[in-house]
Amino acid sequence: MARYTGPVCRLCRREGEKLFLKGDRCYTEKCAVERRSYPPGQHGQGRHKVSEYGLHLREKQKVRRIYGVLERQFERYYDRASRQDGITGENLLRILELRLDNIVYRMGFAASRNQARQLVLHEHIAVNGRKVDIPSYEVQVGDVITVRGNSRDLQVIRENIEAAEGRAVPEWLEVNLDQMEGKILAVPTREQMDISVQEHLIVEYYSR
């Protein structure tokens, strides 16, 4: 299964903001964006005038990197979103939010989406009582997400749950950290998706 294996802090620096790709580290002084708030590479500190195309490209790349989706899969998501009723940009974000790895992260079982991806791949997560090992699996309203049997004793999961206690949970999710389970209450609206992106720029990028 293809995925990005390079240094993720480099991605945050390239986009010029925190994408929260390394969990708790992103909230500390060790965060690469805090220490070096300029793009990576030998020309990173130079002055760059960003074109209109560049703005569209950067927004698309930012969303891809936040959710850990590669280019071809992202294009498929966009094609699907464009065929659905409603606003294409919002449809796209909704599809990404309903990925299983994102749900595991949102519920607090993982410190980052990348870690959530690993938990799913290693068969630690179940949907409606059935093992699911596909990070891109799309959950539905009413689905119950749980940490499987022996996986409940994993130190990394217990540490994540302790860190998630008291953290705000999206309104469209219901989470019981003690039981290590959560439920999809509704399809998220744009106002309920706390992701700082301008999705209309992505639509303009693909419409050019």
Output yes when any residue across the range 144-158 is in contact with a strand residue (DSSP E or B) (Cβ under 6 Å, 6 or more places away or on another chain), among the charged types (D, E, K, R) and at pLDDT 95 or above, and no when none is.
yes
So which residues in the range 133-156 are without any contact (Cβ under 8 Å) to a residue 24 or more places away in the chain and within 17 Å of Asn176 (Cα to Cα)?
Gly149, Asp153
Can you tell me how many residues within the range 157-194 are over 26 Å from His122 (Cβ atoms) and of a type in the set (Val, Ile, Thr)?
2
Suppose we filter the range 157-208 for residues that are touching a residue at least 60 places away in the same chain (Cβ under 8 Å) and among the hydrophobic types (A, V, I, L, M, F, W, C); how many remain?
14
Members of the range 161-208 that are of a type in the set (Val, Ile, Thr) and touching a Leu at 6+ places or on another chain (Cβ under 6 Å):
Ile161
Output for Cβ contacts, cut-off 7 Å, separation at least six or different chains, first residue not assigned by TED's automatic domain parsing to the domain that holds Tyr137 in the range 76-94, second among the small types (Gly, Ala, Ser) and in a helix (DSSP H, G or I), reads Thr88/Ala81; Thr88/Ser82; Asn91/Ala81; Leu92/Ala81
Test result for Ile125, in the same structural domain as Ala164 (by TED's automatic domain parsing) and surrounded by fewer than 22 Cβ atoms within 10 Å (Cβ to Cβ):
no
Residues that are within 20 Å of the chain's Cα centre (by Cα) and loosely packed, with under 14 Cβ neighbours inside 10 Å: does the range 141-157 have at least one?
yes
For Asp85, state whether it is part of a loop (DSSP other than H, G, I, E, B) and modelled with pLDDT of 95 or more.
yes
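The values are calculated or read from the model by the stated rules, or taken from the named source; none is laboratory data. This one's a predicted model, so the numbers in the text were calculated from it and none came from an experiment. Note: ideal-geometry Cβ built from the backbone for every residue, glycine included; neighbour counts use all protein chains shown.
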